[in-house]
Amino acid sequence: MPRFIYPSLLLLMLAACQPNTGTKTSADTAKTAGTNTPADSIAPASLKDTSLLLTAYAKDSLFISIGFQRAVNAMSLAYRDGNLATYISYLHPSVVKIYGGKDSTLARMKRRDAVNPVKFTRILSGPAKKVEAALDKDGFAHGWYCLMPVRSYRMENGKEVMDIRWLGGQTLDRGKTCHFIDITNVPNNDIYHILPDMRFVLEEEPGNP
């Protein structure tokens, strides 16, 4: 996969959860690390709710959405608490590969944070805006995809400021393992180079792009 084809997507992936501006001190970082307030997570839906759904697809969609929500909660908390290795484990493998693997991606993120450190008071991810299966012509699912909003909060001039980004999520094992890419302001065609089946959540009629 040539590295020069998707500059907008690559830059956004390393900027995931980062606002355009903001500063923090090492003392602020020490105070933030290890905190875990209830406001930082959105509770996944309950499987008990499936009794109200009429179709098997709707029930599957709810089940998959629970996996996406749990994964994005863990990813967001890891980033906020400075656990970049765990955060990277939720990035899509194709993106990590482009950056030369996990160690190289981790080094890049540490260098970026050293230049532009930011203190987040909380990161609130979800709920998923849309959850869809990638269906073939025979109706069989080959993975599930979602659109996930991420709201990052930080203090600026004494006021709490919110930055919002969008993640595209993928699971190939019915929610057991979920990976995400930052798709904020990225053209659809660039996204499809990484995740072709994201069209199932980005387009109304994915069979007719």
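FYI, it's all coordinate maths here, none of it is from the lab. Just so it is clear, the model here is predicted, and its values are computed rather than measured. Positions of Cβ are generated from backbone atoms using ideal geometry, with glycine treated the same way; all protein chains shown enter the neighbour counts.
In table form, for the structure just shown:
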| quantity | calculated |
| --- | --- |
| Within segment 140-186, chymotrypsin sites (Phe, Trp or Tyr not before Pro) in DSSP loop having at most 12 other beta-carbon neighbours inside 10 Å | 140 |
| Whether segment 54-183 is rounded, prolate or oblate, judged on the alpha carbon gyration tensor where a/c under 1.5 counts as rounded | oblate |
| Ranked 57, 87, criterion: other C-beta atoms within 10 Å, fewest first | 57, 87 |
| Restraint check, 102/129; 59/176; 119/176; 119/159; 59/130, Cα-Cα greater than 20 Å | 102/129; 119/176 |
| For 146, 178, order by how many other beta-carbon atoms lie within 10 Å, fewest first | 178, 146 |
| Point-charge dipole on Cβ atoms (K/R +1, D/E -1) for segment 112-209, about Cα centre, debye to 20 | 540 |
| Ranking of 97, 159 by count of other Cβ atoms within 10 Å, fewest first | 159, 97 |
